[in-house]
1. Test each condition in (1) under 44 Å from the mean Cα position of the chain (by Cα); (2) modelled with pLDDT under 75 for VAL84 and report the one that comes out false.
2. Looking only at region 204-260, filter to residues that are modelled with pLDDT of 75 or more and in contact with a strand residue (DSSP E or B) (Cβ under 8 Å, 6 or more places away or on another chain); which one of those is surrounded by the most Cβ atoms within 10 Å (Cβ to Cβ)?
3. So which pairs qualify, if the first residue must be in region 116-135 and touching a residue at least 12 places away in the same chain (Cβ under 8 Å) and on the phi > 0 side of the Ramachandran plot, the second must be outside any strand (DSSP E or B) and surrounded by 15 or more Cβ atoms within 10 Å (Cβ to Cβ), the Cβ gap must be under 8 Å, and the two must be at least 6 apart or on different chains?
4. Which residue pairs have Cβ atoms closer than 7 Å, lie 6 or more positions apart in sequence or on different chains, and pair a first residue in region 83-105 that is of a type in the set (D, E, K, R) with a second residue that is at pLDDT below 75?
5. Which pairs have Cβ atoms under 6 Å, sit 6 or more apart or on different chains, and link a residue in region 146-168 that is at negative phi to one that is basic (Lys, Arg) and assigned to a helix (DSSP H, G or I)?
6. With the condition kept exactly as written, say whether any residue in region 384-405 is among the β-branched types (Val, Ile, Thr) and over 16 Å from ASN345 (Cα atoms).
7. When you go through CYS375, CYS303 one by one, which is the residue that is closer than 18 Å to PHE431 by Cα and either out of contact with any Gly (no Cβ under 9 Å at 6 or more places or on another chain) or assigned to a helix (DSSP H, G or I) (or both)?
8. Being surrounded by fewer than 19 Cβ atoms within 10 Å (Cβ to Cβ), within 19 Å of TYR321 (Cα to Cα) and in contact (Cβ under 8 Å) with a residue 24 or more places away in the chain is the filter here; which residues of region 366-395 pass it?
Amino acid sequence: MLRIEYSLLTALIVGTLLGITFTIREEYPLLFIAAEITSALIVLWMIRLWRFVHRPLKELNNALLQLEHNDFQSRLKATSHPMVNKLVLVFNAMMERLQSERVKQREQSYFLDHLMQASPHGIIILDYDERILQANPSALLMTEMNLEKEKGKLLTEAENNFLKRLADIQLNQVGEINLSGGRRYRCQKASFIFKGFPQYFLIIQDTFVDDVRKEKQAYSKVIRMMSHEVNNTVGAANSYLETLKVFAPEEEESKEDYLDALQVLQRRNESMATFMRNFASVVKLPEPDKQWIDLAEVLDRVCRLYEPKLELAQIHLSKQYRGKPIGVYADASLLEQLFINILKNAVEAISEISTTEEKTIEVNWNEKSNKLQICNSGPVISKEVEEKLFTPFFSTKPTGQGVGLTLCRDILVKHGWDFRLYSPDNHGAVFEIEIR
């Protein structure tokens, strides 16, 4: 449009000049020749002026288009106009900085995104209204939440119980969440500035494995020392007791009382040795020799082993995996010990209650979720007890040592499987194992 207007202006000036002199060309021929020369000079000068003005305007228009399309890679060309050249230099320098900042921002964003995805810590990002916006794979695994379902909700509105407990964590404070199975999570809430406003995020650290290792380091040395001293003492005491039998009185009545007293002492020594062996078994648990095995076959062997005790206690055992091989990469001998302890605890728990209802133990396998559940109709486990069940040497039984569940925990941790022991709907108890 500007070019047309400029051409019309030139034509108007030249046409006017030639039109005026054309009528007097015969009287003043030199004047007409001068007018023609002047017109030619005007045309040349207007062309030069057009080029002088048009090129800078074109570059300025290109600059606007680059900014409009976020094109920070193209640069403006120098023109013959000195003032426009200064603008071109400033614009190119600005575009250079913008491109550098943009590349740097993209690299940082790419790095942070990959760092977040690969982080072993769970990270949940909230929007400006503290609604769930994003979560990395570790957070999804730890909280077991469905991001599609929970996205856009406040933590207090979430259906997931873990997320509801995260709502209690205050800004720049560290809190701890304990779950069933001895799982412990250290959680922290922090913020960063995005587009001029604070945006919040939560960091979730699974401290379970580290805590187990530290606990084991703390008590293993003590148990080894106690086991060594007790075994030496018990061995020497039993030897002396055997020797004392030689010096039994000759009188039959006194001799019988004398030998009975020695027998009581020997049994007591054996009980003490067994007590220490139970504790030592937790410390001496070997590393798993993993192979591909059929989990159903291992469960069948343990169930057959416990059939007499179950019949004696009038407990009905139900297996929901029959005829379906379950391939897992694990240590068969350690899994046998694991299931023996679980069934033993189930039988003891059911025996504690007096009820007319059927006594049952049910073994379920969910192929879709890779979860094994061993359910029993025993007493309900309270939430307070549930969080402490896998604490070393914790027991709810008056004479319990707290070794069985600690051994179960260590076996499952060595296999890298998740687990928990809880009461669903305030009825019985379920030992759930998620095989990974």
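1. The failed condition is (1).
2. ILE204
3. Correct list of pairs: GLU130/LEU155.
4. ARG102/PHE72
5. Close Cβ pairs satisfying both conditions: ALA158/LYS164.
6. There is no residue in region 384-405 that is among the β-branched types (Val, Ile, Thr) and over 16 Å from ASN345 (Cα atoms).
7. It is CYS303.
8. GLU367, SER369, ASN370, LYS371, GLN373
The values are calculated or read from the model by the stated rules, or taken from the named source; none is laboratory data. Worth saying up front: this structure is predicted, and the values here are computed from it rather than measured. Quick reminder, even Gly has a Cβ in these numbers, built from the backbone with ideal geometry, and neighbours come from all protein chains shown.
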